[in-house]
Amino acid sequence: MGLQCKMLSYSLIAILGINYFHDMKINSDYTECKSEDLDPFGKCEPVDCALKYFGRRNFFNSAYSKCETAVTCHDTEVYDYDINECRYSDNIF
C-alpha cells in the first residue's frame, strides 16, 4: 500500500474510529486485529505510530501492540529506542 493510501487510512481511522472499518470491511485485504495500533489493511503489522498519532505517540510497544509516547530524556541520559527508556550515558554498554 502506498504512503498516501496509508496516510488516508490512518487519517480516516483517527477521524471515524476503528469500529467504522470493523463494520464496513471495505477492503478484501482487511483483517480484524487484536489492537487498534495494528494495521487491518496491512496483515496486522504495526502501524507507523508517528504518522497515525501525528507525532504524539512515536513508539510501538510490541509487548502490548500499542503506540506509546516516547519518553523525554534529561541531558545526562541517552534514549534507548528498543525499550522506550532513558539510560544514563555511562550505563549504555
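Tabulated data for the structure shown
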| quantity | calculated |
| --- | --- |
| In sequence order, calculated HN-Hα J values of the range 31-44 (Karplus, 6.51, -1.76, 1.60; Hz; x Gly/Pro) | 9, 6, 9, 7, 9, 6, 9, 10, 7, x, 9, x, 6, 6 |
| Nitroxide proxy distance, nm - points 7 Å out along Cα→Cβ at Thr31 and Asp90 | 4.7 nm |
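Readers should treat all values here as calculations from the given coordinates under stated rules, not as data from a laboratory. What you see is a predicted model; the values in this text were computed from it and never measured. We place every Cβ from the backbone using ideal geometry, glycine too, and count neighbours over all the protein chains shown.
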